[in-house]
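First up is the structure itself, then whatever we jot down about it.
What follows is calculated from the coordinates using simple rules that are stated; it is not laboratory data. Keep in mind that this is a model prediction, so the values were computed, not measured. Methodologically, a virtual Cβ is constructed for each residue, glycine included, from the backbone with ideal geometry; neighbour enumeration extends over all protein chains shown.
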Amino acid sequence: MTDSLAHVAVCILNWNGRRHLESYLPSVVENSADAQVVVIDNGSSDDSHAWVSSHFPQIHWIQLTENHGFAGGYNAGLAQIQAQYFVLLNSDVRVTAHWIPPVLRMMESDDFAACQPKIRNDLDVDLFEYAGAAGGFLDRDGFAFCAGRMFEVFETDAGQYDFNREVFWASGAALFIRSDAYRAVGGLDPDFFAHMEEIDLCWRLKNRGHRVGYCSESMVFHLGGGTLQKVNPFKAYLNFRNNLFLLLKNDHRSGWWLMLIRRMILDGVAAFRFLTEGNRGLFLAVFHAHVSFYGALLTTWKKRMNESRYIRSGSYAGPCEPLNPAGWYRRSVVWDYFIRRRLTFDELSSDAFLVSVNRGQR
């Protein structure tokens, strides 16, 4: 395992984030002694570089000339790094002792291309955090959800997800990924700019038959962002637009176009809910997200055609499935949550997941 750790690069994307670096980088340096720690700077105008150079001169610094967004910034930075494993780590993540070895053991022993640790909230350390929690899943309409976090319900971590398992997507807040797999699929999609780009990456991995996992034996704490209502309109715009990009690009099930229409209707419902709540900014964000999606239809369709080369005939929901559909929920998590009042992951029907989720098995 020592040899493997020598080939791990912990990569932190920074943009005017000295405050986060001051708070969180010391834990990364202290607990990642056997890995290379790299800061990829996305064209910052603050004194982040001076602070890091002064306090942690051993850290490798990669300077980009402008802000390429989350996806483009990581692509540009990782192209300059040689390692067997990349760890894409948000600058507002506090890591714990021995957080790297358990994930590598899981990836190497069970052949996972990507994996995430358990992610808890750095402001309320007993709660799971919004972005990833105990592993990500996707429902029939393309809504992303997590074990430990369903919409606005954040579970207390009482050990209910203390087992390793396969999931549909792993969080970009702390994403372990084999560098060869990252490069083989073309890395993160820069057209996403930020938000849901890690789900797109994981879906492309699964289209090629790779496995994505959640490792409960490793834990980090993420400052995070919270619920959609608490984000600004630009983030909401990215979330709604990128979800449509995600589905058109990667969903090759029969009847996918009906699903996409249904999803657009649900977006409309959400938009008018924002309006009735007096949030005109979020209403306009959804509207502009759809306008942007329509304007990029040709580009996204070309990406879809490229992805279709990796899809095979299957026996689940239609003639086309990812080579590995584990973690796909065949029901509507929106219906289950808002109508059936199933508010936690363990209240969902386990038999509705494509390829058994194997709850409780290590």
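General remarks:
- Close amide H contacts of SER216 (hydrogens built in the peptide plane, cut-off under 5 Å, sequence separation of 5 or more or a different chain): PHE163, ASN164, ARG165.
- Residue-by-residue Karplus 3J(HN,Hα) for region 172-181, coefficients 6.51, -1.76, 1.60, Hz, glycine and proline x: x, 5, 7, 9, 8, 8, 5, 5, 5, 5
- Charges were assigned to the Cβ only: +1 to each Lys and Arg, -1 to each Asp and Glu. The resulting dipole of region 76-137 about its Cα centre is roughly 120 debye.
- Taken about its Cα centre, the chain carries a charge dipole of roughly 1380 debye when the Cβ of each Lys and Arg holds +1 and the Cβ of each Asp and Glu holds -1.
- Modelled label reach - HIS98, point 7 Å along Cα→Cβ, region 202-225 residues with backbone N closer than 15 Å: 216-220
- Helix axis angle, 297-307 relative to the chain longest principal axis, alpha carbon, degrees: 80 degrees
- For PHE338, PHE193, the sequence from fewest to most other C-beta atoms within 10 Å is PHE338, PHE193.
- Taken one residue at a time, the phi angles of region 31-37 give Karplus couplings (6.51, -1.76, 1.60, θ = phi - 60°) of 10, 10, 4, 8, 10, 7, 9 Hz. Gly and Pro are set to x.
- Counting DSSP beta bridges with both ends in the chain, the antiparallel % (nearest 5): 50 percent
- The H on the amide N of MET150, modeled in the peptide plane, is under 5 Å from the matching H of GLU155, each at least 5 residues off or on a different chain.
- Overall, region 230-322 carries a charge dipole of about 180 debye about its Cα centre when +1 sits on the Cβ of Lys and Arg and -1 on the Cβ of Asp and Glu, all other atoms neutral.
- Extent along principal axes [Cα atoms of region 65-224; Å; largest to smallest]: 40, 35, 33
- Ranked for footprinting exposure by Cβ neighbours inside 10 Å, fewest first, HIS288, HIS98, HIS210 give HIS98, HIS288, HIS210.
- Note on LYS206: lysines with a C-alpha under 26 Å away, same-chain residues under 8 apart excluded, are LYS118, LYS249, LYS302, LYS303.
- Over region 230-322, Cα pairs under 8 Å with separation of 6+ residues give a relative contact order of 42 percent.
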